[in-house]
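The values are calculated or read from the model by the stated rules, or taken from the named source; none is laboratory data. Everything quoted here is computed from the prediction, not taken from an experiment. Here the Cβ positions follow ideal geometry from the backbone for every residue, glycine too, while neighbour counts run over all protein chains shown. Just the protein is used for accessible areas: all its heavy atoms, side chains included, with ligands, DNA and RNA removed. Shrake-Rupley method; radii C 1.70, N 1.55, O 1.52, S 1.80 Å.
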Amino acid sequence: MKRHFFILLSALLVAAMILPGCGSSKGYSGGKLQEDETARIEGGTHKLKVKKRNTTEQALLVKVDSLTVGSFMKGYPKHTEVKPGETMVEIRHFCKWNDGSAMAGAMFGVIGASIAESNNPHTHYKITFPAEKGKTYVIMPETDEETLKPHFVIIDKASNVRTEPLRVVEIAKKDKNQ
């Protein structure tokens, strides 16, 4: 009996370590393409100071065009492969200075963290830009430290060339009191 419990507990621990990074790395429909036929998109992390404290912000990959690649429950991929051309990527702008789920998770476990996460103030953005095959792009959030207004740039990882997206559309979380 103890052996079965140990095996089950071990399997759960392994699953808990693997699941947070289980977002999809394929951001297009259809059959698998060769690496040199696709472009790679990564979410960037930016360090900044808010209220005189060091913190970070991230662009977490949620959707590519209409295909979901990541979520809070299944995790966000570090990168996703896309077909070349004009690409719309929905990102979650994760601002660590607004995050209440880490403390709730420490105090109340997974359920507390999940409730805190659902009430967390976060905003999604749809960012559109042209992607060329064979290139890797980083979507980098760069929030102004004074106004806390986010700005996004697209960085070609190989050349470090920074460009502005064609379009950035904010998708605000609906207020439950409305």
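Quick look at the numbers
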{"quantity": "Solvent accessible area, Å² - Tyr125, 1.4 Å probe, full protein context", "calculated": "20 Å²"}
{"quantity": "Residue-level accessible surface for Ser29, protein heavy atoms, 1.4 Å, Å²", "calculated": "80 Å²"}
{"quantity": "Two-site label geometry, Asp36 and Glu145: point separation in nm, points 7 Å out along Cα→Cβ", "calculated": "4.4 nm"}
{"quantity": "Point-to-point label distance, Asp156-Leu67, nm (Cα→Cβ direction, 7 Å offset)", "calculated": "2.4 nm"}
{"quantity": "Test item: Cα-centred dipole of the stretch 42-91, Lys/Arg +1 and Asp/Glu -1 on Cβ, debye", "calculated": "540 debye"}
